[in-house]
Protein chains: 4
Amino acid sequence: MEIASLNVGIIGAGRIGRVHAKNLSTCVAGATPRMIADPDLDAAREVAAACRIPEAIADYHELLASREIAAVVICSPTDTHTTIIIEAASAGKHIFCEKPIDHTLAGTDRALEAVARAGVKLQVGFNRRFDANAVRVRQAVENGEIGAPHLLHIISRDPYPPPIAYIKASGGLFADMTIHDFDMARFLIRSEVEEVYVAAGVLVDPAIGQAGDLDTAVIVLRFANGTIGTIDNSRRAVYGYDQRLEVFGSKGAIRTENNHPNAAVISERACIRRDLPHHFFMDRYAESFVAEMAAFVRAVESDAPTPVTGYDARRAMAMALAARRSHDERRAVSLSEISGERA
Amino acid sequence: MEIASLNVGIIGAGRIGRVHAKNLSTCVAGATPRMIADPDLDAAREVAAACRIPEAIADYHELLASREIAAVVICSPTDTHTTIIIEAASAGKHIFCEKPIDHTLAGTDRALEAVARAGVKLQVGFNRRFDANAVRVRQAVENGEIGAPHLLHIISRDPYPPPIAYIKASGGLFADMTIHDFDMARFLIRSEVEEVYVAAGVLVDPAIGQAGDLDTAVIVLRFANGTIGTIDNSRRAVYGYDQRLEVFGSKGAIRTENNHPNAAVISERACIRRDLPHHFFMDRYAESFVAEMAAFVRAVESDAPTPVTGYDARRAMAMALAARRSHDERRAVSLSEISGERA
Amino acid sequence: MEIASLNVGIIGAGRIGRVHAKNLSTCVAGATPRMIADPDLDAAREVAAACRIPEAIADYHELLASREIAAVVICSPTDTHTTIIIEAASAGKHIFCEKPIDHTLAGTDRALEAVARAGVKLQVGFNRRFDANAVRVRQAVENGEIGAPHLLHIISRDPYPPPIAYIKASGGLFADMTIHDFDMARFLIRSEVEEVYVAAGVLVDPAIGQAGDLDTAVIVLRFANGTIGTIDNSRRAVYGYDQRLEVFGSKGAIRTENNHPNAAVISERACIRRDLPHHFFMDRYAESFVAEMAAFVRAVESDAPTPVTGYDARRAMAMALAARRSHDERRAVSLSEISGERA
Amino acid sequence: MEIASLNVGIIGAGRIGRVHAKNLSTCVAGATPRMIADPDLDAAREVAAACRIPEAIADYHELLASREIAAVVICSPTDTHTTIIIEAASAGKHIFCEKPIDHTLAGTDRALEAVARAGVKLQVGFNRRFDANAVRVRQAVENGEIGAPHLLHIISRDPYPPPIAYIKASGGLFADMTIHDFDMARFLIRSEVEEVYVAAGVLVDPAIGQAGDLDTAVIVLRFANGTIGTIDNSRRAVYGYDQRLEVFGSKGAIRTENNHPNAAVISERACIRRDLPHHFFMDRYAESFVAEMAAFVRAVESDAPTPVTGYDARRAMAMALAARRSHDERRAVSLSEISGERA
């Protein structure tokens, strides 16, 4: 008897859609991508050809209507997520959705309710939870290697800013970029954030400020268990993607360095040097994209909870909203202030 | 012709007094310790014997009255600093004083005025400015290696808390411990801090909280030039003294690791490991204590400004006061709010 | 028009056969595994099922007879390599063969002659040439980053010895294990080795000595261009697989560290530690196995020379034979002494 | 009662003489330099002034005749060591002598016999035994942290070659430079070397070859306990002084990295870099020069054996002679072949 493979439909053939398509067609056991949908049909066809996906379509509704498809992977623009989640849930499909679900908590809540009603699974694309470094830090906290956590530091700097057009639509630094770090903070400390304080500015590019956004920020987090955390964000680290974690606790500390394409060190007349770290998330987090998809497939297969839930997405978005308010009002903001939120 | 050596009197034969006495008697060229004063005459005598200092006395006034003595090194308890500075200045002595000068800005100002009136030199014991790592970071900022600074991080954790009695008299975490980091922040970024925000707690030892103090803190600094900084303090890092710096800027970043007694790495069945870093400031900053004293002697010899001024001491104390107020009032505090202070 | 995929037959369903089967079925573009042969038919079937290979057979001759198959990947025991290479060449198949081709130079030569006569391509499985660290060192030598090479060091230690039965059949330390390092030495320095000196012993397990082999060795290499190299081999490094390279030259040096599963460092009461490096070659060199196969497929597709030739295999085996003679006769041995070999 | 200080006379006011003079006059407790002798009287006077040594003389015999002097520190050229040691021993002085004692074993033996007859103490200037890294490696071997040693690697590269005139008088690479590494090998492994094999050449500067010397070498050592070691020497590492150690054993490995003036790492557009290591031995081994002298003073004070004996010097010189013979005769050379030597 053959083990049934999970038939997956992919919605969106953009950058992240391609990543998931490729991973599902090669490295993720137990799943088979059957359809890919994108309004840009040529893009869908190109990905389908490259990844041996049998069908490429323009309208994702066709995919939702297919009885063959058991699960969808939503990689479309953020402002379509809530609608597609609701439709997919109604169609009884299990759902993997890229972060964030929605730029509003109200929208997020509508999506989560639809998922709950339909009884389907939902996993959100916080892929960094599956990174070997993050997993190791979480493990150290979980197994008491470093005792009770006291301090957390997340450094998360991009190699260059996105286009201004993207920034205008992205929901801003906190909702677009820091949201990964908000989720990481909760993942590592295993306690909820109760208060957020932001010191931020526009130091990289004035055009980002003119677009109403920020490019450099320090965010202070206060957790329910007493831990105090910081997130350090910059839209431009000239030396490449800078992704480091540190948790300090009563029995010790754990911290991670950047990952590099090679481990060679060169000594020469002027200095001791090594090549730059992985340049951006596609290289740096390549393995975590595979791992999150494998985890989603396993959760569906074994009818187990997904490891990154809709609640996780909601909570991270609430932190993004609190961060923006803290910046605007120049004060610490309690998560309980954010509409509908109990801290 | 022989070069005249600077005759120095040391006031205080406690821990830091011994360090300065030893350094002056051995490694600092151009200076000779002639007298050491301490109300505990036995302590003064012991240090004098160990460091070949000709005279040990109980009352420092005798030292101030000696025509032989050209400069004093004040290592007595903080609450005596202002009085002794005023007396020493009146006596025409050049002054090296341990930090902080005074727990109040008013007291600090009285000391600074006396120094200004007398026209003597004053250097404050922010020894870390003379540490090779700090010097290298400052140099990178100064010569533009990392471009304009955007973000600063100072990690400064002690291996264990001082006795509760000490904590009660110390002026608290910010005035006693963070004050070094406040000075380091100004030294590295070369711009004044305008606003301070504190998230702090008692996570190490409840007795510290009962004494009215904090043992764990994150301090956010906003500088006039737009740089955003954080200081991470803990009274107890079980793995020893943790002293790291990072400045991130428009053209790159510089960061320092801890210094270790040896550079050996051991690979064994369980892990790859190395010995702990230097355990506390006596070992970690040993060379900087020599260098600051040499700098003081050079400043006196060549009638040049001292590299760490009374203004530096005043400014760091103002930051400590702002930090406490931020903690007490749970809000960001502008330095301009602190009495008499222009931000 | 569709690009034709290279149809591949795999001979051998053991450990390394599985690796190549999996890589060919997922990560290597342009190739499709069509058949797998193993006298143990169940093993062949199991791999076929796991890797979606349509046909599993017991006798590889069937595979060689198939007109569908354009290339073979030989993963059978070493003593079958020469025979299968000759048969595959006669059948006009392109050949990827695991190292070494043969424990004798005469056997190797027969295989190479058959390949030359048939005009097929042959690539040998020195996968480490495709490792990112090795590539980076080679690149530094090639582009003159470190000037003319003077000194080379290869550290290559296994985590544990193979079973004694394997050791008896393996051809010994030099032919089985050091052969990778011999090839690496030639690859990095880009000059031929002219003389070999060995200092070796049995320090890990007396049973290895009783089997006529060695478990610990230092091999000194003298290259035609004057470079002097060392190889350090041990059959048992308790901390895991230790694979490091260093080339020192007139303008600098390059060296590589071990690769680790994560980049986390833990500071605790006793020490600063990190987890062990990748435990053995399956993890450590996983990516290089993919890369070598992709290179083979590209060479066949584009009718270009393969990057690791039969001559490379012959030369490395000659070095292994010289190393054994050096050990037996306790003297430096010229490669020109090895039968039929011109240094 | 006052503790008597050891009155020391220094013979030789050259580079290393100055180092010992400065250390004895400042950092070494329990000793006082009273006289310094050098045929170049101006040099002696200059050092005396800088280090507050009361008397500077041209002829060291005057120093040996002084009843005030209890110990001598011999920093004169190597070809004078044996004569001065014999004279100093006759005069009843304790002796600290720079390495090597003599370029011949016969000369060395005459010096050792004189010392033995006189019953004075003799310590040889293998300062690296007092380096924190070397001490830590030795400790790991001694306390079994890495189990039984199997393999040793010493990397020891100078930043630039000495002048050709120096090379001609120095006794050659092995007697002048490698001798430190020969001693280090014995110190770390705690077993005698029985056989030496050398692969060496002239790769740095042809003028060194014309002077009859070598500038690049790999030396293989076989120890009585089975350990196999290598020494890697180059007269010119463009990135500075390269001093690293590694011992691999049955339970693990220990290795040391170079020491750096600061622990700062800079990330920039092109690479991740740090400043060069300490440039040469004066900086790199500064602390070990203090420590070896303190150890000598303690040995004299407490009438205990010195930690680096004349036998150590003799053994290292025998290894240097064996190394040269190995190079000349292109074969492994047993230490027992070296005249008068029992391996």
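The values are calculated or read from the model by the stated rules, or taken from the named source; none is laboratory data. What you are looking at is a predicted structure, and each value in this text was computed from that prediction instead of being measured. Counting neighbours? That spans all protein chains shown, and the Cβs are built from the backbone with ideal geometry, glycine included. Just so you know, the surface numbers come from the protein's heavy atoms only, side chains and all, with ligands and any DNA or RNA stripped out. Shrake-Rupley method; radii C 1.70, N 1.55, O 1.52, S 1.80 Å.
Would you confirm whether or not the stretch A:126-134 contains a residue that is open to solvent by less than 10 Å² (accessible area, probe 1.4 Å), assigned to a helix (DSSP H, G or I), away from chain C (no Cβ under 14 Å) and over 20 Å from A:THR230 (Cα atoms)?
Yes; the residues of the stretch A:126-134 include at least one that is open to solvent by less than 10 Å² (accessible area, probe 1.4 Å), assigned to a helix (DSSP H, G or I), away from chain C (no Cβ under 14 Å) and over 20 Å from A:THR230 (Cα atoms).
Identify all residues within the stretch D:285-318 that are under 22 Å from D:TYR197 (Cα atoms), open to solvent by less than 10 Å² (accessible area, probe 1.4 Å) and in contact with a Lys or Arg (Cβ under 8 Å, 6 or more places away or on another chain); write none if there are none.
Once the filter is applied, which keeps residues that are under 22 Å from D:TYR197 (Cα atoms), open to solvent by less than 10 Å² (accessible area, probe 1.4 Å) and in contact with a Lys or Arg (Cβ under 8 Å, 6 or more places away or on another chain), the stretch D:285-318 yields D:ALA313, D:ARG315, D:ALA316.
Run A:ILE167 past the list (1) open to solvent by less than 10 Å² (accessible area, probe 1.4 Å); (2) more than 10 Å from every other protein chain (Cβ to nearest Cβ); (3) under 19 Å from A:ARG128 (Cβ atoms); (4) not charged (D, E, K, R) and report the number of the one that doesn't hold.
That leaves (3) as the condition not met.
Quick test of your reading of the structure: B:PRO77 fulfils all but one of (1) away from chain D (no Cβ under 14 Å); (2) open to solvent by 10 Å² or more (accessible area, probe 1.4 Å); (3) in contact with a strand residue (DSSP E or B) (Cβ under 8 Å, 6 or more places away or on another chain). Name the failing condition by number.
(3)
In the stretch C:48-86, what count of residues is obtained for those that are under 17 Å from C:VAL120 (Cα atoms), hydrophobic (A, V, I, L, M, F, W, C) and over 26 Å from the mean Cα position of the chain (by Cα)?
Summing the residues that are under 17 Å from C:VAL120 (Cα atoms), hydrophobic (A, V, I, L, M, F, W, C) and over 26 Å from the mean Cα position of the chain (by Cα) in the stretch C:48-86 gives 1.
Within the stretch B:178-196, how many residues turn out to be open to solvent by 10 Å² or more (accessible area, probe 1.4 Å) and more than 20 Å from B:ALA132 (Cα to Cα)?
4
Kindly indicate whether A:VAL137 is within 14 Å of chain C (Cβ to nearest Cβ), within 23 Å of C:GLU268 (Cα to Cα), open to solvent by less than 10 Å² (accessible area, probe 1.4 Å) and in contact (Cβ under 8 Å) with a residue 40 or more places away in the chain.
Yes: the conditions hold for A:VAL137.
I'd like to check something: does the stretch C:292-309 contain any residue that is among the β-branched types (Val, Ile, Thr), within 14 Å of another protein chain (Cβ to nearest Cβ) and under 20 Å from the mean Cα position of the chain (by Cα)?
Within the stretch C:292-309, none of the residues are among the β-branched types (Val, Ile, Thr), within 14 Å of another protein chain (Cβ to nearest Cβ) and under 20 Å from the mean Cα position of the chain (by Cα).
Mind telling me which of the residues B:ALA199, B:ALA207 ends up being farther than 18 Å from B:GLY226 by Cα and surrounded by fewer than 20 Cβ atoms within 10 Å (Cβ to Cβ)?
B:ALA207
Against the definition (at pLDDT below 95, of a type in the set (Lys, Arg), within 23 Å of the chain's Cα centre (by Cα) and loosely packed, with under 15 Cβ neighbours inside 10 Å), how does D:ARG15 come out, yes or no?
yes
Is there any pair linking a residue in the stretch D:279-304 that is under 14 Å from D:LYS22 (Cα atoms) and touching a residue at least 60 places away in the same chain (Cβ under 8 Å) to one that is open to solvent by less than 30 Å² (accessible area, probe 1.4 Å) and among the polar types (S, T, N, Q), with Cβ under 7 Å and at least six apart or on different chains, and which?
D:SER288/D:ASN127; D:PHE289/D:ASN23; D:PHE289/D:ASN127; D:VAL290/D:ASN23; D:GLU292/D:ASN127; D:MET293/D:ASN23
I need the full set of residues from the stretch A:238-262 which are of a type in the set (Asp, Glu) and in contact with a strand residue (DSSP E or B) (Cβ under 6 Å, 6 or more places away or on another chain), in order please.
A:ASP242, A:GLU246
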